[in-house]
Structures are given as structure tokens and as C-alpha cells.
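Participant: One structure follows; several queries about it will come next.
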Amino acid sequence: KDMYAVDKDTTEKIINVPENATTDQIAQMLYEEDIIRIPRMYRLVSKLNGSDGKYVAGEHVVSASMSYETLTSTLTKPVKAETVRVTFPEGITMLDAAKLLEENKVCEASRFIYFFNIADYNYDIFKKMPKSSDLKFYQHEGYLFPDTYEFYVGMQASSAINKMLDNFNRKITEDMQARLDELGMSLGEIVNAASLIEKEAANDSERPVIASVIYNRLNYDMPLGIDAAVLYPYPEHEGAPTAEMLAKDD
């Protein structure tokens, strides 16, 4: 029964199967982890066993000593994955969100940051958004909807990102989109302005005043003169902007 096993090494490894994983993806993952030697044979066994399309997302314990039949059976059984609830407050930055996820053992902060900025997410809210070539600034900043989420411990960073972006996408109603069109503004412009208002306002009553200042200065092509905008490229800085920051054109 072990004719397709890699060897007799019984060392166990944890394989994290992403949601909606294909047999090709599973085979490649097992090959890269030295669990199997012949991906095309695994794909054949998976097809013959009726496992295609039935792989269960989450962490599975496997070893190189398992037959291909045992592997397909193991990876299609339900798993009891550990979950954690994480709350993202209003105004949280992408960098702070990444740190919070790592602290809660959801995913590595560095992988979250990487996939957050470069991945091509198929949501209506991003279809008209220009792609950023500067990895220092994040094209999806502001789109992680503040809420409490339930994540798997050790899940794929891209899956965590999708969960949060999907929440934001579902919050944008047709009425909101119609209002954007009426104003002649993009969602990105509105999110940027809302983010500045969020950082600058000490309380709700200040928001309309700050919004008025922002839009008036934009209409007259004036510098915003807002600390939150000046400080954005310096996430580690504390306190008011320095003279050097104020003088820099970024």
C-alpha cells in the first residue's frame, strides 16, 4: 500500500491547505515539502479516489511515509483548526494590522504586508484603481474594514486579507457608488479623505469641520497642511512633524 510513498520517514509535517485548493496546488505543495516525489502520479491517484474538489482547508498532519491514497484521504477529512478573534479599530493602518495578526498567530506580518500590496484582488472596488509600483506605500491602505474577525491560526496571509477586503466590498452599496459618481470622485479619493479625517478628528463633532477644510483646500489647489498626511510616510515617528518632514515633497 506504500508503493507511492517517498520513503519510510515517519516525521510528521503540518500542511496548511488553502481554501478552494486544486489538486494541482496540493500536489505541488506536497512535492515542495518532500512528502511526495511524483506530482502527476498524485494527481492521478486523487482523481481515481474521487478526491478532486474535496480538499478541506486548514492544517493537516502528514508524513513522507504515507501512501498517495492515504494522503488524499487525510487531506479531504475535516480538521479541527484553532481559531482566534481579532478586532481592528477604526483608523488602524495596514502596518498595525499586520503586527496585530502576527501577535495573534494568524500569519506573519511580513507576508501579510507583501501580499496586501501586490496581490490582484478581484473586487469591484479595485477594478478602477491604478496599480502602485512603490512598495513603500500601500495601494490597498484604508480598505481593511474595521471590525471583529474570526481567523484560523496559521492561515494563509492572502486568505486573511481576502476576508477583510470582502467585508469592505460588501459595505459599499449602490447608493454610495451613485453618490461617488454624482460628486465626480473615486472611491480611492473618498477613502483617502476619510482616513485623514479619522486621524485628525478628536471627536465626531470635529469631522464635518475637518472635511470642509480638506475639500476647500483641494478645490483651491492648496496644500492640505494636515499632520496626518505629512506623517504617513513615517509610521515609526512619534509627535509632530519635523521641519525636514514638512519640507519634503512626498
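Participant: Per residue and in cubic angstrom, what volume does the convex hull of the Cα atoms of segment 20-75 have?
Facilitator: Per residue, the Cα convex hull of segment 20-75 comes to 68 Å³.
Participant: Could you give the length gained on full extension between E174 and V56, defined as 0.36 nm per residue of separation minus the Cα-Cα distance, in nm?
Facilitator: That pair, E174 and V56, stretches by 39.0 nm at full extension.
Participant: How much net charge surrounds V45 when only the other residues with a Cβ under 11 Å from the Cβ of V45 are counted, with Lys and Arg +1 and Asp and Glu -1?
Facilitator: In short, +1.
Participant: Holding the Cα-Cα limit at 30 Å, pick out from K77/K171; K13/K163; K77/K163; K163/K248; K13/K105; K105/K171 the pairs that are longer than that.
Facilitator: K77/K171; K163/K248, as the Cα separations exceed 30 Å there.
Participant: For segment 149-191, what does the alpha-carbon gyration tensor say about shape, rounded, prolate or oblate, given a ≥ b ≥ c as the root eigenvalues, a/c under 1.5 as rounded, and a/b over b/c as prolate?
Facilitator: prolate
Participant: Considering only the other residues whose Cβ falls under 12 Å of the Cβ of T242, what net charge follows from Lys and Arg at +1 and Asp and Glu at -1?
Facilitator: Summing Lys and Arg as +1 and Asp and Glu as -1 gives -2.
Participant: In addition: Which whole-number percent is the relative contact order of the chain (Cα, under 8 Å, 6+ apart)?
Facilitator: Answer for the chain is 16 percent.
Participant: Which value in nm describes the separation of the simple spin-label points at I14 and A240, placed 7 Å from the Cα toward the beta carbon?
Facilitator: 4.9
Participant: Report, in degrees rounded to the nearest 10, the 0 to 90 angle that the Cα long axis of helix 23-32 makes with the longest principal axis of the chain.
Facilitator: Taking Cα atoms only, the helix is inclined about 80 degrees.
Participant: So which aspartates and glutamates pass the test for K47, namely a Cα distance under 14 Å, with those fewer than 8 places away in the same chain ruled out?
Facilitator: D24, E69
Participant: Note the listed values (i) 48, 43, 31; (ii) 71, 39, 32; (iii) 76, 39, 31, then indicate which one is Cα extents along the principal axes in Å calculated from this particular structure.
Facilitator: (iii)
Participant: Gain in length, T148 to K248, computed as 0.36 nm per residue apart minus the alpha-carbon separation, to one decimal in nm?
Facilitator: 32.3 nm
Participant: Further question: By how many nm would the segment from N216 to L44 grow when fully extended, if each residue of separation counts as 0.36 nm and the alpha-carbon distance is taken off?
Facilitator: My answer for the length gained is 55.5 nm.
Participant: Rounded to the nearest percent, how much of the accessible area of the chain (1.4 Å probe, protein heavy atoms only) is carbon and sulfur?
Facilitator: 50
The values are calculated or read from the model by the stated rules, or taken from the named source; none is laboratory data. No experiment lies behind these values; they were computed from the predicted model shown. When we count neighbours, we look across all protein chains shown, and the Cβ atoms used for this are built from the backbone with ideal geometry, even at glycine. For accessibility, only protein heavy atoms count, side chains too; no ligands or nucleic acids. Shrake-Rupley method; radii C 1.70, N 1.55, O 1.52, S 1.80 Å.
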